[in-house]
Amino acid sequence: MATNSYTGVKNSVAEHAHDGEFGCSLKELRSVMELRGTEALQKILDSYGDVNELCNRLKSSPINGLGGHPPDIDKRKLVFGQNLIPPKKPKTFLQLVWEALQDVTLIILEVAAIVSLGLSFYQPPESEGAHCGTGAGGVEDEGESEAGWIEGAAILLSVVCVVLVTAFNDWSKEKQFRGLQSRIEQEQKFTVVRNGQVVPVPVAEIVVGDVAQIKYGDLLPADGILIQGNDLKIDESSLTGESDHVRKTLEKDPMLLSGTHVMEGSGKMLVTAVGVNSQTGIIFTLLGAGEDDEDEEKEEKKKAKEQKKQDGSVDNKKKAKAQDGAAMEMQPLNTDEAGDLEEKRKANLPKKEKSVLQGKLTKLAVQIGKAGLVMSAITVIILVVLFIVDTFWVQGLPWEQTCTPVYIQFFVKFFIIGVTVLVVAVPEGLPLAVTISLAYSVKKMMKDNNLVRHLDACETMGNATAICSDKTGTLTMNRMTVVQVYIADTHYRRVPEAELIPSTTMDLLLLGISVNCAYTTKIMPTEKEGGLPRQVGNKTECALLGFLRDMKKEYQAVRNEIPEEKLYKVYTFNSVRKSMSTVLKNADGSFRMFSKGASEILLKKCYKILTASGEPKVFRPRDRDDMVKKVIEPMASEGLRTICLAYRDFPAKDGEPDWENESDILTSLTCVCVVGIEDPVRPEVPDAIKKCQRAGITVRMVTGDNINTARAIATKCGILLPGDDFLCLEGKEFNRRIRNEKGEIEQERIDRIWPKLRVLARSSPTDKHTLVKGIIDSTITEQRQVVAVTGDGTNDGPALKKADVGFAMGIAGTDVAKEASDIILTDDNFSSIVKAVMWGRNVYDSISKFLQFQLTVNVVAVIVAFTGACITQDSPLKAVQMLWVNLIMDTFASLALATEPPTESLLLRKPYGRNKPLISRTMMKNILGHGVYQLTIIFTLLFAGEKIFDIDSGRNAPLHAPPSEHYTIVFNTFVMMQLFNEINARKIHGERNVFDGIFNNMIFCTIVFGTFVIQIVIVQFGGKPFSCVGLTVDQWLWCVFLGFGCLLWGQVISTIPTSHLKFLKTAGHGTQKEEIPDEELEDMEDLDEIDHAERELRRGQILWFRGLNRIQTQIRVVNAFRNSLSPYEGLEKPESRTSIHNFMTHPEFRIEDSEPHIPLIDDTDAEDEGPTKRNTTPTPPPPPSPSSNQNNNAVDSGIHLFIDGSKTATPCIPLSPMHSLETSL
């Protein structure tokens, strides 16, 4: 059969001339890889004989792999394709321009400009101009009236500028994004065997015919067929959707697919399909991610998809992490996030809130926008009314046909003024500032060894309140060495000479360690002179191999004698077994099994121990307890990890044991020795942890190590301080404490533990996940906790995903962990996390700085335009000038203020928390304070400027009048004040020295200086388009001096203590989930994200229903007062004082007058128990009240109320606002 099929292959090879080198074509391999299980085996048998024959045809060797010669590798790439999936085409610059044009304000401006242009070209008949009223007359002369088109043209020009700047920003952002992606791609490596050497190669360099080594935690980069495997289990859910792990064996199912995760075991595979020909590549091609999309339909779909993806990556920055993964994670074969799953996942994903910052900003922007809209509408109405009253009533003119165009021209002018007010009011620079700030931070964080995969992670990190860190490799150096050993009845404090140990014991030790460590683990010679030998692979195993070396024994000789193929059976290490065993078959048919594992687990399974003479003697439980006390605990208390090495013989006469029955196999072992392995603490960690604690971040250590080791290391790091009252728990004890009688986890029980817990030892991956989830869901603190988690193993995946920010280890981390993380620490070092916190806080502060600056300008510009227009019927700041101010404010200021580098002082304050407003009281004080100063100056100049400077007044100028010196001075002073105020905005916490560190930020200096130069050019040479006239040096000096006054005034403002200004409100709170009433949550079920802007707009409809509820509430509060029960006990919480919204969103206060025992409820109960626990409180529930909304939020407002348990257990959701109205009435 084999020969026939071989000739068949020969013919097919003849057809593909360029396949001639190899014994099988691309098509054949593809068809083989499409089969599964027994069918696939059959096909391989029929076509090739076996895997080794297939290796030969692909000119590769199962033992030595490919030769690795460049010409051969290139040839394979040519014939079988490269291991890349071509990325989507990026958006072109024009597409981005088109998108930028979709902005509503810009569209309004364009319309206004075009109308203005059109009208300026229409000349009313000359003679009749006079009788159209005084407002219309007074057109100076021919040349002037012809210049009417300039204003429209200038507006259009500035719109073009804004659009180009936005598009360019998006484009460079996308470019950065792609750069980041390609950087991740280059860093992703995979081990293959080439020319008998195990070498890591970049994933894109893997070719068909390579022999790849796969191990626990890998994400397979290509399709292949198993050559040899130990206990291999694969998670194929990314392709099949089945969550069960699939066992891979040579006999049953040898097919390995790209994009699947190795969950257990190790092995070797022959790569048979790469890139677009691999199973995942095929899916990608179907999705149109490849280049082939001729037909329109595909084009359309692709556009929609791309649109989705783009938005995901750029604007919202946070679609659920899983999908973002697809955009951001490695494009060559980040297969498991492929698009078909994207659809599936979207369905099951919990709704993600936008990131904290995003939410607060959207809300703020919508509120400001609304205010601006109202202001601009009022401006236009007032102008129109004034004009009509003046012309038709005061002057008493009839409306004449010939005058219509003139009047229309006036109306257009008013409309343009209104639009400019709106333009200035809408802070379209906000998204820009956020983007620049985040992009800049991400770029800089690269230098600090943080590779950010999800943009908003760096901002969330600034709010972090807890870090749950792994021990090995993060807090410690992950360079393990054996420093103590208990062997042959003696406890050696340092590694003994080989001569001191009985030879039989020594032989067992040598054989046991050599074969029972993964063959991928090796100790390589040093790279540089005098350095330590390099440890490759699992570090604990490296320590054991190093232990052999220290005793002058060579493990490689043993491995050469017993290659991996000769191992009879391997039980690989996993988090359940906590041990690893390897079985060898002896010549006489007997078996010998070597085991190594955590000492307290393995010693329980030992029944003999080798003595000083090398003979085994019985090892009783009593001896074991002795050993634990005398050997293991002293080792552990010095921070050593203890590993027990043991073996077991299966005599030939008993026949072959049942290898699947693990519990019977792994018992009655003979203990050879116990070693103490040291992993020194990284020198910079204690300092980093101190910084975290000072910054209000709690560091917890979660480790699989024994509790004494963990405690010792936690003390060395400074996580545990002597004399503090903190908990160190083992996983078992932790589980016992958090579960009730039925074995269910209860949040309330976790809440009793986590605030004091500092070390969780011997923890399983689920414990880590439970702890993280418990802390995040906890309600006992005022702010919700923001948790960061570090992890490196596959089993850390769930915890990394659950955490607000997941850090994966770049060096030691498995692909699965990296996939689940938000930030990758490229140097595996804890102190890099502190840098991430600094950057995160810096992003937040940068945006607050920008807001402080922006809002001051907004307030002033809007008020000036509004009052000016109403009093003088002409805005003192012209449309084009406003747009220039807008450009300074938005684009340049966002660049300047968003790129401030972080300082150490950021780590001296506590985290802001989720509902801290964006604009603090201090900032509000600065905004209003500077607003007052600027308005005073501008109005003085506007109404008395002509007298002060002795120039012609610019007020009441006719329609196309030339620009006046007066208004130029007003404009110039306004801009100067903004420039100096930009320096003030650098500090938002009321610091006095605003110049502190200003030269560390060259971008800032350049922008301020540049703006100043451009302003000089605009004023001196701007002429008609900018409505400017050149000013004298005297006038310039006055303008600059008035601007400089901002800095002096800033000092005055910072003298006033904020605490005295109780009337100041804060703004820009985040929306808490519980603030969203149930009815709205119901409507949002189908949305991917909760969009705060939409909520704001819809809120109006619900408000008046709420009004009724509030009146009821107030009546109840009054009643409660009569009963001398002060509901204000808890009300003075900051959030209840600062915003009336909280009253609007908690209309559900309910104070039962009949219940005098209210405030006496046991503290712990009222504070943190979810509704489910409420009904277990001993006191009888009060009668239900008529309030419609049972979703009681009293706890939020800090009043401990008694709540009707029967109702709250299942919050009843009113059918509609109307329904709640009826019930409340």
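Can you give me the distance in nm between label points at residue 381 and residue 114, each placed 7 Å from the Cα along the Cα-to-Cβ direction?
2.8
How much of the accessible area of the range 360-491, probe 1.4 Å, is carbon plus sulfur, in whole percent?
Numbers: 3080 of 4260 Å².
Carbon and sulfur: 72 percent of the exposed surface of the range 360-491.
Taking θ = phi - 60°, what integer Hz values does the Karplus form 6.51 cos²θ - 1.76 cosθ + 1.60 yield along the range 716-723, in sequence order, with x for Gly and Pro?
In residue order, the calculated couplings are 4, 7, x, 6, 9, 9, x, x Hz.
Using a Förster distance of 30 Å, how high is the FRET efficiency between residue 740 and residue 576, based on the Cβ-Cβ distance and rounded to 0.05?
0.80
What is the magnitude of the charge dipole of the range 710-802 about its Cα centre, with +1 placed on the Cβ of each Lys and Arg, -1 on the Cβ of each Asp and Glu, and no other charges, expressed in debye to the nearest 20?
200
For a protection proxy built on the mean count of beta-carbon atoms within 10 angstrom, sort 704-710, 544-550 highest first, please.
Per-residue Cβ counts within 10 Å, averaged per peptide and sorted highest first, yield 704-710, 544-550.
Please state the relative contact order of the range 746-821 as a whole percent: Cα pairs under 8 Å, 6+ residues apart?
25
Could you please state how large a percent of the accessible area of the range 963-1003 is carbon and sulfur, counting protein chains only and using a 1.4 Å probe?
60
From the phi of every residue in the range 660-666, what ³J(HN,Hα) in whole Hz does the Karplus formula 6.51 cos²θ - 1.76 cosθ + 1.60 yield, where θ is phi - 60° and glycine or proline is x?
Residue by residue, the range 660-666 yields 6, 7, 4, 5, 7, 6, 8 Hz.
Once fully extended, how much extra length lies between residue 1001 and residue 549, figured as 0.36 nm per residue of separation less the alpha-carbon to alpha-carbon distance?
Values: separation 452, 0.36 × 452 = 162.72 nm, distance 5.30 nm.
Gain on extension, residue 1001 to residue 549, equals 157.4 nm.
Along the Cα→Cβ direction, 7 angstrom out, place labels at residue 390 and residue 493. What is the inter-label distance in nm?
9.9
Distance check, please: which entries in 553/604; 596/629; 443/987; 43/596 exceed 31 angstrom between their Cα atoms?
Where the Cα-Cα span goes over 31 Å, the pairs concerned are 43/596.
For the pair residue 74 and residue 42, what calculated FRET efficiency results from E = 1/(1 + (r/R0)^6), where r is the Cβ-Cβ distance and R0 = 35 Å, to the nearest 0.05?
0.55
What does the charge dipole of the range 492-600 about its Cα centre add up to, to the nearest 20 debye, if the Cβ of each Lys and Arg holds +1 and the Cβ of each Asp and Glu holds -1?
340
For residue 1013 and residue 373, what is the calculated FRET efficiency with R₀ set at 30 Å and r taken between the beta-carbons, to the nearest 0.05?
0.30
With contacts defined as alpha carbon pairs under 8 Å and 6 or more residues apart, what's the relative contact order of the range 185-259 in percent?
Rounded, it is 25 percent for the range 185-259.
If amide hydrogens are placed 1.01 Å from N in the peptide plane, which non-local residues have theirs closer than 5 Å to the one on residue 698?
Those lying under 5 Å, H to H, from residue 698 are 466, 467.
Could you give me the ³J(HN,Hα) list for the range 234-240, computed from phi with Karplus coefficients 6.51, -1.76, 1.60 and θ = phi - 60°, whole Hz, x at Gly and Pro?
Couplings: 10, 9, 9, 4, 5, 9, 9 Hz.
For the range 652-750, with the dipole built from +1 on Lys and Arg beta-carbon atoms and -1 on Asp and Glu ones, taken about the Cα centre, which of 720, 665, 655 lies farthest toward the positive end?
Of the candidates, 720 comes out farthest on the positive side.
Which value in nm describes the separation of the simple spin-label points at residue 534 and residue 623, placed 7 Å from the Cα toward the beta carbon?
4.4
Sorting check: for 393-402, 752-761, which peptide has the highest mean count of neighbouring beta carbons within 10 Å, and how do the rest follow?
752-761, 393-402
Multiply the residue separation of residue 98 and residue 504 by 0.36 nm, subtract the distance between their alpha-carbon atoms, and state the gained length in nm to one decimal. List each step's numbers first, then the result.
Values: separation 406, 0.36 × 406 = 146.16 nm, distance 7.96 nm.
Full extension from residue 98 to residue 504 adds 138.2 nm.
The values are calculated or read from the model by the stated rules, or taken from the named source; none is laboratory data. No experiment lies behind these values; they were computed from the predicted model shown. Please note: Cβ atoms are built from the backbone with ideal geometry, for glycine as well, and neighbour counts cover all protein chains shown. Keep in mind that these areas ignore ligands, DNA and RNA; they rest on the heavy atoms of the full protein, side chains included. Shrake-Rupley method; radii C 1.70, N 1.55, O 1.52, S 1.80 Å.
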